[in-house]
Amino acid sequence: MAAKFTDFIANLFSIFRKKKSVKLGLYGPPNSGKSSLANKICEDWIGEPLSSVSQVPHETREVKQKEKVVIKSGKKSLTFNIVDTPGIATKIDYTDFLKFKMKSRQAKKRAMEATKGVIESIKWLDNMDAVVVVLDSTKNPFSQVNLTIMGNLAARKTPVLVVGNKIDLKKADIKKIQSAFPQYNVVGISALKGTNIDDFYKSLFRLVR
């Protein structure tokens, strides 16, 4: 078993060395900060954002991609295709959007688009070289959505880095995320404030190099 795992890791390294770029997917539940992190990465390295952000759930309802993003960590550099995906949800109810003063027709349209976005996100998993799972560190990590995401990634044997976002908030608890997913490296950040972003880049390079 140990020999097979070693061979698997060696093959991954070989794949990354041969690739001109690494397709990196940002996944997670709605409002965990995926788009904020995607924007931070793109702003840091190419000077422009990738996605729009909002407090309203499912602001990102279509897969968005930025190619040829060269990220540096120390003396190393690597080219990424950054893919921001719609938030994964097990249930999307249009009435949830009415709380944000949306009209019924607009809420139903958003719910329909969000549902399509979830399906699209799952389909894109097969195209990812590596995935960053962005979780809200102020919330319980043992949710059905999170377990569904992790289960899909484990089944595909996709290299995963778990990001506990929003560590600048009082209720943040990165240790809960580490306890929930001990098989993965977990790094705590604030995508909005840039807290620990250098640690994120270092962890990202360890994942794909």
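The values are calculated or read from the model by the stated rules, or taken from the named source; none is laboratory data. Note that the structure is a prediction, hence the values are computed from the model and not measured. Cβ coordinates were reconstructed from backbone atoms using ideal geometry, including for glycine residues, and neighbour counts include every protein chain displayed.
A few points about this structure:
- Test for residue 166: is it at pLDDT 95 or above, over 15 Å from the mean Cα position of the chain (by Cα) and within 22 Å of residue 89 (Cβ to Cβ): no
- Unmet requirement for residue 149, which otherwise passes all of (1) modelled with pLDDT under 95; (2) surrounded by fewer than 20 Cβ atoms within 10 Å (Cβ to Cβ): (2)
- Neighbours by Cβ (under 8 Å, 6+ apart or cross-chain): first from region 78-99, modelled with pLDDT under 80; second among the basic types (Lys, Arg): 94/108; 94/110; 97/110
- Residue pairs meeting the criteria (Cβ under 8 Å; at least 6 apart or on separate chains; first at positive phi and in contact (Cβ under 8 Å) with a residue 24 or more places away in the chain, in region 170-199; second surrounded by 14 or more Cβ atoms within 10 Å (Cβ to Cβ) and assigned to a strand (DSSP E or B)): 196/187; 196/188; 196/190
- Against the test of being surrounded by fewer than 19 Cβ atoms within 10 Å (Cβ to Cβ), within 17 Å of residue 24 (Cβ to Cβ) and of a type in the set (D, E, K, R), the options 193, 202 yield a single qualifying residue, 202.
- Residues of region 33-71 that are over 22 Å from residue 169 (Cα atoms), at pLDDT 90 or above and basic (Lys, Arg): 66, 68.
- Residue within region 108-118 that is touching a helix residue (DSSP H, G or I) at 6+ places or on another chain (Cβ under 6 Å), of a type outside the set (Lys, Arg) and over 26 Å from residue 142 (Cβ atoms) present: no
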